[in-house]
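One structure is given below, encoded as structure tokens.
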Amino acid sequence: MTAETSCDLSIAEVRLTPVLVADPPLLNTQGVHQPYTPRLIVEVVTADGITGLGETYGDTKYLELARPLADRLAGRPVTELNGLSALAGEVAVDPSRASGRVDVGGLRGVQTAEKLRLSVLSAFEVACLDALGQALGLPVHALLGGRVRDAVEYSGYLFYRWAGHPEGVAGEKDDWGAALDPAGVVAQARAFKERYGFRSFKLKGGVFPPDEETAAVRALAEAFPGHPLRLDPNGAWSVETSLRVARELADVLEYLEDPALGTPAMAEVAAGTEVPLATNMCVTTFAEIEEAFTRGAVQVLLCDHHYWGGLRATRELAAVCRAFGVGVSMHSNTHLGISLAAMTHVASTVPDLHHACDTHYPWQSEDVLTERLAFRDGTIAVPDAPGLGVTLDRDRMAALHERWLTGDGALRDRDDEAAMRIANPAWATPTVPRW
Ligand code: GKR
Ligand code: MG
């Protein structure tokens with residue numbers, strides 16, 4: 001844009017498209033991933049016809065908030081991001097959706113009305129930044145102050161998994177095979193390294209008894225000497241078990257992630273081990289920071305720009321972490337390329353990002369983009385194209401939306417416990433600590 005040109009950055013239209021994305025049978029403390037996971041694609045269209053993209057959780061409780069927020073945006077400029085936060089705060093949340101408690105199994109931390117709003121807001125903020133970047137001819141990272149690295153490193157996110165979804169459940173097939181023991185986990189890590197070049201690995205734990213998961217991490221350490229390793233049982237262990245695992249794996253772990261549930265338990269574990277503790281569960285809101293940081297419960301905070309409210313909030317969080325000497329990296333849940341691009345832009349601007357970020361992206365065989373983001377040597381090159389640097393493939397998005405419209409309505413809300421009950425009718429998400 002030259003100095004003489006001007007453009008109308010006011011929002012003319014907001015389009016919301018819920019989609020169902022194929023997801024493999026990945027195991028966690030709650031159960032197993034459904035064959036399809038809901039995501040929401042947000043398009044913010046300016047008066048000049050520029051379309052910015054955002055993505056967030058697509059479950060009904062998020063859609064219920066996204067719709068009224070979308071209705072309030074018409075006529076507002078995409079530059080008014082602080083105003084956007086205020087608008088999101090005005091959207092009423094059905095109290096039954098926000099328990100204020102950590103959800104059972106705790107995968108998304110405490111469920112408050114504010115947290116649900118922030119998760120929705122994040123997609124609108126990213127879409128506005130994408131539109132603004134396109135209008136100015138600048139990448140999103142430039143709007144956040146500029147990148148301090150050319151590529152963002154990601155870790156290979158290993159999961160115990162079945163070869164396929166339970167018999168009789170419709171779902172997409174893949175060639176990863178099962179991983180249910182140390183040999184299976186190592187084979188999965190080898191495939192991840194060959195396909196994507198990952199140089200560090202995280203194992204999702206809380207699935208098998210801790211000794212089995214400890215053995216899997218040992219096997220990874222032997223197979224990949226020098227590679228940073230993490231184990232994340234999503235709070236499934238007692239303080240005693242956490243301390244035992246930390247002792248047994250102290251020489252190979254980069255960090256132990258959410259071994260026990262909640263700040264008091266994490267603080268007790270932290271007091272008894274030199275192994276750093278990371279979390280994406282006990283600190284998922286600004287209100288939870290003071291207690292956790294002053295008690296030394298957490299040494300690495302895994303930010304998820306979805307639940308912290310966007311890319312600018314992620315940078316604010318990184319500044320708070322810096323002040324307390326707490327490391328920062330990125331958490332992920334099932335997501336598509338729009339979110340991976342957003343994560344990559346913001347991660348590229350955080351100076352003291354010393355750990356490879358998490359991503360589920362390799363597990364997603366489908367996307368709504370014309371071109372998938374590609375990992376090289378375990379990293380994603382930071383895009384310098386205007387905006388997020390990604391292009392929506394409308395046909396692909398329409399196909400995934402069609403699945404949302406016509407598929408099993410129960411899949412519109414992710415429920416790993418229900419998915420597990422199909423294979424094991426007696427299954428109930430274990431109360432924590434399980435071990
Ligand atoms: O997708 O099964 C999963 C993960 O357990 C995810 O839900 C978690 O939020 O990856 C996440 C984590 O690090 O806890
Ligand atoms: Mg985690």
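The values are calculated or read from the model by the stated rules, or taken from the named source; none is laboratory data. Given the structure is predicted, the values throughout are model-derived calculations rather than measurements. Heads up, the Cβs are rebuilt from the backbone with ideal geometry, glycines too, and the neighbour counts pull from every protein chain shown.
Just to be sure before I move on: is Leu388 buried (at least 20 other Cβ atoms within 10 Å of the Cβ) and more than 29 Å from Arg190 (Cα to Cα) in the structure I sent?
For Leu388, the condition - buried (at least 20 other Cβ atoms within 10 Å of the Cβ) and more than 29 Å from Arg190 (Cα to Cα) - is met.
Please determine whether any residue of the range 191-211 is on the phi > 0 side of the Ramachandran plot, in the same structural domain as Leu249 (by TED's automatic domain parsing) and buried (at least 23 other Cβ atoms within 10 Å of the Cβ).
Within the range 191-211 (the criterion being on the phi > 0 side of the Ramachandran plot, in the same structural domain as Leu249 (by TED's automatic domain parsing) and buried (at least 23 other Cβ atoms within 10 Å of the Cβ)), the answer is yes, since at least one residue qualifies.
Would you point out the residue of the range 12-42, among those that are within 16 Å of ligand 1 (Cβ to nearest atom) and of a type in the set (Gly, Ala, Ser), that is surrounded by the most Cβ atoms within 10 Å (Cβ to Cβ)?
Among those residues, the one meeting the criterion is Gly31.
In the range 331-339, is there at least one residue being β-branched (Val, Ile, Thr), surrounded by fewer than 19 Cβ atoms within 10 Å (Cβ to Cβ) and more than 16 Å from ligand 2 (Cβ to nearest atom)?
No, the range 331-339 has no match at all.
Checking Leu277 against (1) in contact with a strand residue (DSSP E or B) (Cβ under 8 Å, 6 or more places away or on another chain); (2) of a type in the set (A, V, I, L, M); (3) touching a residue at least 24 places away in the same chain (Cβ under 8 Å): exactly one of these is not met. Which one?
Failing condition for Leu277: (3).
Just wondering, is there one or more residues in the range 260-276 that are under 15 Å from the mean Cα position of the chain (by Cα) and under 27 Å from Thr214 (Cα atoms)?
no
Return the residues of the range 278-296 that are within 15 Å of ligand 2 (Cβ to nearest atom) and either buried (at least 24 other Cβ atoms within 10 Å of the Cβ) or polar (S, T, N, Q) (or both); say none if nothing qualifies.
Once the filter is applied, which keeps residues that are within 15 Å of ligand 2 (Cβ to nearest atom) and either buried (at least 24 other Cβ atoms within 10 Å of the Cβ) or polar (S, T, N, Q) (or both), the range 278-296 yields Ala278, Thr279, Asn280, Met281, Cys282, Val283, Thr284.
Check Arg372 against each of (1) in contact with a Gly (Cβ under 7 Å, 6 or more places away or on another chain); (2) away from ligand 2 (no atom under 16 Å from the Cβ); (3) at negative phi; (4) in contact (Cβ under 8 Å) with a residue 40 or more places away in the chain and name the one condition it does not meet.
Looking at each condition in turn, Arg372 falls short on (4).
Give the residues of the range 309-333 that are in a helix (DSSP H, G or I) and over 17 Å from Ser348 (Cα atoms), sorted by residue number.
Of everything in the range 309-333, those that are in a helix (DSSP H, G or I) and over 17 Å from Ser348 (Cα atoms) turn out to be Val320, Ala323, Phe324.
Give the residue, chosen from Leu116, Leu81, Leu63, that is at pLDDT 95 or above and in contact with a Lys or Arg (Cβ under 8 Å, 6 or more places away or on another chain).
Exactly one of Leu116, Leu81, Leu63 is at pLDDT 95 or above and in contact with a Lys or Arg (Cβ under 8 Å, 6 or more places away or on another chain), namely Leu81.
So that you can scan it fast, the table gives a plain yes or no per residue for (1) part of a helix (DSSP H, G or I); (2) in contact (Cβ under 8 Å) with a residue 60 or more places away in the chain; (3) not assigned by TED's automatic domain parsing to the domain that holds Tyr157:
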| site | (1), (2), (3) |
| --- | --- |
| His335 | no, yes, no |
| Met343 | yes, yes, no |
| Glu366 | no, yes, no |
| Ala398 | yes, no, yes |
| His401 | yes, yes, yes |
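Looking at this structure, is Trp404 under 25 Å from Glu257 (Cα atoms) and either modelled with pLDDT of 95 or more or within 16 Å of ligand 1 (Cβ to nearest atom) (or both)?
no
Check Val300, Val239, Val245 and return the single one that is away from ligand 1 (no atom under 15 Å from the Cβ), surrounded by fewer than 24 Cβ atoms within 10 Å (Cβ to Cβ) and among the β-branched types (Val, Ile, Thr).
Val239
Out of curiosity, is Arg230 within 16 Å of ligand 1 (Cβ to nearest atom), among the basic types (Lys, Arg), within 24 Å of the chain's Cα centre (by Cα) and farther than 25 Å from Trp427 by Cβ?
Taking the combined requirement at face value, the residue satisfies it.
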